[in-house]
Amino acid sequence: MRLRFRRLIQILTLTLIGGAIWLQQRTDLPPDPRVSHETAAPITEQGRSQVDAAFAARQSNVIVSGGGTVARVLADDRDGSRHQRFILELDSGLTLLVAHNIDVADRIPDLRVGGAVTFRGEYEWNDKGGVLHWTHKTLRGNHEPGWLVYEGIRYD
């Protein structure tokens, strides 16, 4: 009886080890969509970020991507669709109001001043630096999807 039990434990152990090795070697598993390593801010031909270029040209309805540092965390906008709001400061010193729709995408928990955020969304010009919205997936496929990355996690 003791020999059978030992043999059973050996077989189970080998099966678990083999399964773990097989699972580790699989490359067809989809990546975790919450984890991202997107950090580089695209630069225009003039050496400015896309947001800086759109601000200088007073453009709106422009899809941009880039990154910045959280300068201020604001209260949520609760009128209509709820939005998590914060101010990002870009490397150029330009500030950008981010309005992240939390009825469509997950809220960024523990967002703190000084934290780095990378983004893709739609830029709207104003004289204070502009607003970034559409930082989420599109529900109907009728708009460019956007996202935010904070502490290695993608929110879209």
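Points to keep in mind about this one:
- Site pair Ile153 and Leu139 shows an inter-label distance of 2.3 nm when each label is modelled 7 Å from Cα along Cα→Cβ.
- Cleavage-rule hits, trypsin sites (Lys or Arg not before Pro), segment 108-156, DSSP coil, Cβ neighbours within 10 Å at most 10: Arg140
- Segment 50-155 - charge dipole about Cα centre, Lys and Arg +1 at Cβ, Asp and Glu -1, debye rounded to 20: 160 debye
- The share of alpha-carbon pairs in segment 50-155 lying farther apart than 24 Å comes to 15%.
Values quoted throughout were computed directly from the atomic coordinates according to the rules given, and no laboratory measurement underlies them. Computed from a prediction, not measured in an experiment: that's the story for all the values here. Here Cβ is always computed from backbone atoms with ideal geometry, including for glycine, and neighbour counts include all displayed protein chains.
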